[in-house]
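Worksheet: one structure, shown below.
The values are calculated or read from the model by the stated rules, or taken from the named source; none is laboratory data. Keep in mind that what you see is a predicted model, and the values were worked out from it rather than measured. Cβ: placed from backbone, ideal geometry, glycine included. Neighbour counts: every protein chain shown. Calculation scope for accessible area: heavy atoms of the full protein, side chains included, ligands and nucleic acids excluded. Shrake-Rupley method; radii C 1.70, N 1.55, O 1.52, S 1.80 Å.
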Amino acid sequence: MSPPASAGEGVRDILPAMIAAMPIGLLFGALGVGKGLSVLEAGLMSILVFAGGAQFAALELWTYPVPILALAFSTLLINARHVLMGASLAPKTVGFSLLQRLGAAWVLTDEAWALAERRALQQRITPAYWFAVAAMLPVVWIGSTFLGAWLGSFLGDPKRLGADFAFTALFIALIAGLWKGRATAITVIASAAAAALAYVTVGAPWHVAAGAVAGIGAAWCAAPAERSTP
Amino acid sequence: MSVDPAALVAIVAMAVVTYLTRVTGFFIGDRLALRGRAKAAFDAIPPAVLVAVIAPTALATGWPETVAAVVTIIAATRLPLLATVAVGVLSVVALRSLT
């Protein structure tokens, strides 16, 4: 298939995700200015980071003075899944040059990864397809963040509208989307209990590390032990 | 339109960490094959972190937030993402008005 045809298919595949990303980007921008970020700072985060879950978590943790280490740590944990996605794509993108690989990684998102994996079942992933499917989403995300931040600066106190609770509601919805039955339930209960306890006793931002360690540890313990291979 | 130096450092730190997670897999490739408990622990990272971030609001802020979180959980089992967020926000506004 010619590169323009592959690129066209990439655009077609990513279109629903682009439409879905718009209201979420608007919400991110509006909540960002509500937390005290300037329009430019909210937009800059979407330009440089463009990872929705990590960005919303950063806003929830955002205070002044800015807890830089806690923000970097929370971002690392939430985005660690990218390592597995990249590792899975590596053998399917062997035709990419070094520069193309570095660029391909730059625009890796959950959505582009899922679509590329589906395509890889049928045919090779070409650079034309990958950059079409992957690089469009950040454009929508950045544009809707700026627009949402600009609109949000007219809204006033976000707490009056319950917008501060939007993070909690959004994260509950995201966790529901990740749900894999018993293993997730054990993780969620352990993390919630440890995080709430750490928040009440030690204070923010330690609740993130406490909840993460407890949730991951609980999943480790609950999983069946590996059978040793002879 | 301004950028606070500390905010800029935080955003750049987040960007660097994120790019490292994105690029690492492309170069370690097949050498990373998680199985059993290691795989379960890795899969647990996103829900564990997301829950930890919201636990103070959901469990240790006040009863309106806790009840609204329960309502949102119920909504999340049957509604799409943005509808779930709308239900959560509207219920917290209604419950806070009762206090």
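Okay, here's what the table says:
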item	result
Selection count where residues are surrounded by 14 or more Cβ atoms within 10 Å (Cβ to Cβ) and either assigned by TED's automatic domain parsing to the domain that holds A:Ala70 or among the polar types (S, T, N, Q) (or both), scope the range A:180-229	3
Residue tally, condition open to solvent by 20 Å² or more (accessible area, probe 1.4 Å), under 18 Å from the mean Cα position of the chain (by Cα) and among the aromatic types (Phe, Trp, Tyr), over the range A:54-90	1
Candidate set from the range A:174-203 (those that are touching a residue at least 40 places away in the same chain (Cβ under 8 Å) and within 7 Å of chain B (Cβ to nearest Cβ)); member that is nearest to A:Ser74 (Cα to Cα)	A:Leu174
Some residue of the range A:38-61 being closer than 18 Å to A:Ala134 by Cα and at pLDDT below 90	yes
Answer residue from the range A:150-162, given it is in a helix (DSSP H, G or I) and open to solvent by 90 Å² or more (accessible area, probe 1.4 Å) and is modelled with the highest pLDDT among those	A:Trp150
Near pairs, Cβ below 6 angstrom, 6+ apart or cross-chain, from the range B:42-62 (over 15 Å from A:Trp179 (Cβ atoms)) to any residue that is charged (D, E, K, R) and open to solvent by less than 20 Å² (accessible area, probe 1.4 Å)	B:Thr57/B:Glu65
The range A:28-49: number of residues that are within 9 Å of chain B (Cβ to nearest Cβ) and part of a helix (DSSP H, G or I)	7
The one condition in (1) among the polar types (S, T, N, Q); (2) within 18 Å of the chain's Cα centre (by Cα); (3) closer than 22 Å to A:Asp13 by Cα; (4) at the interface with chain B (Cβ under 8 Å from one of its Cβ atoms) that A:Thr93 fails to fulfil	(2)
Condition met for A:Glu117 (open to solvent by 70 Å² or more (accessible area, probe 1.4 Å) and of a type in the set (Asp, Glu))	no
Answer from B:Ala55, B:Ala10 - the residue that is closer than 24 Å to A:Pro138 by Cα and open to solvent by less than 40 Å² (accessible area, probe 1.4 Å)	B:Ala10
Test: A:Ala128 is within 13 Å of another protein chain (Cβ to nearest Cβ), out of contact with any strand residue (DSSP E or B) (no Cβ under 6 Å at 6 or more places or on another chain), touching a residue at least 12 places away in the same chain (Cβ under 8 Å) and not aromatic (Phe, Trp, Tyr)	no
Test result for A:Leu147, open to solvent by 40 Å² or more (accessible area, probe 1.4 Å) and either assigned to a helix (DSSP H, G or I) or within 26 Å of A:Ile24 (Cα to Cα) (or both)	yes
Members of the range A:7-16 that are open to solvent by less than 30 Å² (accessible area, probe 1.4 Å) and either outside the structural domain of A:Gly52 (by TED's automatic domain parsing) or of a type in the set (Asp, Glu) (or both)	A:Asp13
Subset of the range B:72-99 (residues that are within 27 Å of A:Ala219 (Cβ to Cβ) and part of a helix (DSSP H, G or I))	B:Thr72, B:Ile73, B:Ile74, B:Ala75, B:Ala76, B:Leu81, B:Thr84, B:Val85, B:Gly88
Count of the range B:4-26 residues which are facing chain A (nearest Cβ under 7 Å) and more than 20 Å from A:Ala57 (Cα to Cα)	4
Residue satisfying condition, being closer than 23 Å to A:Asp110 by Cα, open to solvent by 20 Å² or more (accessible area, probe 1.4 Å) and more than 10 Å from chain B (Cβ to nearest Cβ), within set A:Ile24, A:Ile19	A:Ile19
Top-ranked residue of the range B:65-86 - restricted to ones that are of a type in the set (Val, Ile, Thr) and under 23 Å from A:Gly181 (Cβ atoms), ranked as surrounded by the fewest Cβ atoms within 10 Å (Cβ to Cβ)	B:Thr77
